[in-house]
1. Can you work out the accessible area per residue across the chain, with the rest of the protein chains kept in place, probe 1.4 Å, in square angstrom?
2. Treating only the Cβ of Lys, Arg, Asp and Glu as charged (+1, +1, -1, -1), what charge dipole size does the chain show about its Cα centre? Round to the nearest 20 debye.
3. Pull up all non-local amide H partners of residue 26: gap of 5 or more, or a different chain, and H-to-H distance under 5 Å with H placed in the peptide plane.
4. Share of the chain's accessible area from carbon and sulfur, percent, 1.4 Å?
5. Residue by residue through the range 38-43, what is 3J(HN,Hα) from phi via Karplus (6.51 cos²θ - 1.76 cosθ + 1.60, θ = phi - 60°)? Round to whole Hz and write x for glycine and proline.
Amino acid sequence: MGMANLKPHDFIHDIWQGVEGSTVVSTNGHTQKSAIETVDNKGGLVGFGRLFMPNPDLPFSFHLLKNIALVRGDQATWYMPSNFTPAGYSDWPFAAENDQ
């Protein structure tokens with residue numbers, strides 16, 4: 001892999017690769033494609049962070065398995081002081097393509 005193709009966190013995978021009992025969790029703004037490529041090529045785990053809230057079926061991997069686009073979400077509705085409504089937290093539907 002040429003230097004131009006390295007991602008800023010690739011060196012972490014290289015350091016910890018092969019260290020018994022270690023697992024790297026990559027959470028660097030992955031897409032479906034980059035998440036699968038990272039796990040396939042580097043190993044470890046992938047976390048989605050900000051994409052977790054607007055994609056409530058993400059823990060079941062339906063988005064990744066069925067090639068369903070990830071919803072970006074509206075960060076302006078997250079962590080609003082005195083907001084006791086479900087807006088931004090639990091008002092996200094499961095993907096229409098999810099037949100589970």
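The values are calculated or read from the model by the stated rules, or taken from the named source; none is laboratory data. Everything numeric here is computed off the predicted structure, so don't read it as measured data. Virtual Cβ from ideal backbone geometry, glycine too; neighbours counted across all protein chains shown. In case anyone asks, the SASA skips ligands and DNA or RNA and just uses the protein heavy atoms, side chains included. Shrake-Rupley method; radii C 1.70, N 1.55, O 1.52, S 1.80 Å.
1. On the way: 7180 Å² over 100 residues.
Counting only protein heavy atoms, the per-residue value for the chain is 72 Å².
2. On the way: 6 positive and 10 negative charges, 39 e Å.
Taking the Cα centre of the chain as origin, the dipole is about 180 debye.
3. Those qualifying (amide H under 5 Å, at least 5 residues apart or on another chain) are 45, 46, 47.
4. Numbers: 4150 of 7180 Å².
C and S fraction of accessible area: 58 percent.
5. Running phi through 6.51 cos²θ - 1.76 cosθ + 1.60 with θ = phi - 60° gives 4, 5, 5, 8, 10, x Hz.
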